[in-house]
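Here is the structure we will look at, set down as structure tokens.
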Amino acid sequence: MFTVSRALRKIICLIVILTTPLFGEVFAQSEEVNDQPLAIDPALDVTTNESDENQDTSWYKSEQLGGRIDVGDFVVGPGRTEMELKPGDTVVQEILVTNRISDNKTFKFEIEDIAGSADGGNAVNLSVDERGPYSITDYISIPKDTITLKLGERAKIPVTITIPPDAEPGGHYGSVLVSTIRNPEVSLQDAPRSPIIARVGSLFFVTVAGEVEQSGVTKEIKTTFDKKWYESGPIEFGILYENTGSIHNNPYGEMSIKNMLGEEVGFIELEPWFVLPKSLRLREVSWDREFLLGRYMATAKINRGYDDIVDEVSTTFWVLPWKVVGGIFLILFIILFSFRAFFRTFEFKRKEG
């Protein structure tokens, strides 16, 4: 039987987690849970699914969706769960898994640690087969590691989070990864393809209450590749935030762009994003406008996500659309040349007269 190497598993997991939206919905797609309405197509009808005699369904709840459901993907949600618990606490949080691939599809559950990036390049890094620096694997459990769903069936999977009585204060971070598993017979026919064909993660951020270190700072704002000259928009920026504490931060803020006259010509509201402990994260921002010309200054005011501390960072750049500028200079040259030729001719005629 074909097995996936550890290196390949790391690559697969990293691609999955970086293509997973970290707020709201996950795609192969997520739906909101808890107090939020589920993101369901209004055309779908929901009915309670009857128990499958060949499978133990007592450990989870499910329902059957109606309407057009064979869209070739599966849905996992929420994209991220954030909670604060005390030592000794136990809670159960549900995640949703919806099968929109084919009938009797099997899904596998795995719990992996995650850690932040040291260079700001990635939001999170998966620690496959390794313990992360803020491991959550010992705190999370699921009753079973596989489930088989009918086409259009949506299951509510209970995830139990248990904090040991002697747990130290701080943050713990991980992901419940949901994988689709190909039928073994099909896998043999398609060898050497991997039997795991897709993985989507639902992130869990658990903070153990107590004396924690919460600190961070907005390091800088730069244009992408530190570029200073543009011919036109859009202008791409990167805001670098460093978390130096023991729990994650959720910075947020705003960015304004002013022209050479000090007039505000652009404004962008920056929704909260997360930065894991002892890591850097680059927040990418894009700004565009139909006509740009001259020198501009972009200023970001970032609330660190705690104690209402605001950092202010700025950068400058130039926009010179050479075709437009060249055209203007050409027109001016033609006008000046025409005036000069006209007055020379006029003076020549006066002398002749």
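The values are calculated or read from the model by the stated rules, or taken from the named source; none is laboratory data. For clarity, every value in this text was computed on a predicted model and none was experimentally measured. Here the Cβ positions follow ideal geometry from the backbone for every residue, glycine too, while neighbour counts run over all protein chains shown.
Take residue 252 and tell me if it is surrounded by fewer than 18 Cβ atoms within 10 Å (Cβ to Cβ), among the aromatic types (Phe, Trp, Tyr) and at pLDDT 95 or above.
yes
Is it the case that segment 76-91 has a residue that's acidic (Asp, Glu) and surrounded by 21 or more Cβ atoms within 10 Å (Cβ to Cβ)?
Scanning segment 76-91 turns up no residue that is acidic (Asp, Glu) and surrounded by 21 or more Cβ atoms within 10 Å (Cβ to Cβ).
Pairs, please: C-beta under 6 Å, at least 6 apart or cross-chain, first residue in contact (Cβ under 8 Å) with a residue 24 or more places away in the chain and among the charged types (D, E, K, R) and in segment 292-310, second surrounded by 16 or more Cβ atoms within 10 Å (Cβ to Cβ) and part of a strand (DSSP E or B)?
301/253; 304/216
Of the residues that make up segment 53-70, is at least one among the basic types (Lys, Arg), outside the structural domain of residue 250 (by TED's automatic domain parsing) and crowded, with 16+ Cβ neighbours inside 10 Å?
No: zero hits.
With segment 246-326 as the region, which strands (runs of 3 or more DSSP E) entirely inside it contain at least 3 residues that are under 30 Å from residue 207 (Cα atoms)?
It comes to 252-258, 279-287, 294-303, 310-319.
Determine whether residue 263 is surrounded by fewer than 16 Cβ atoms within 10 Å (Cβ to Cβ) and over 23 Å from the mean Cα position of the chain (by Cα).
In short, yes.
Have a look at 113, 119 and point out the one that is surrounded by 19 or more Cβ atoms within 10 Å (Cβ to Cβ) and under 19 Å from the mean Cα position of the chain (by Cα).
The match here is 113.
So which residues in segment 239-267 are in contact (Cβ under 8 Å) with a residue 40 or more places away in the chain and polar (S, T, N, Q)?
243, 246, 249, 250, 256
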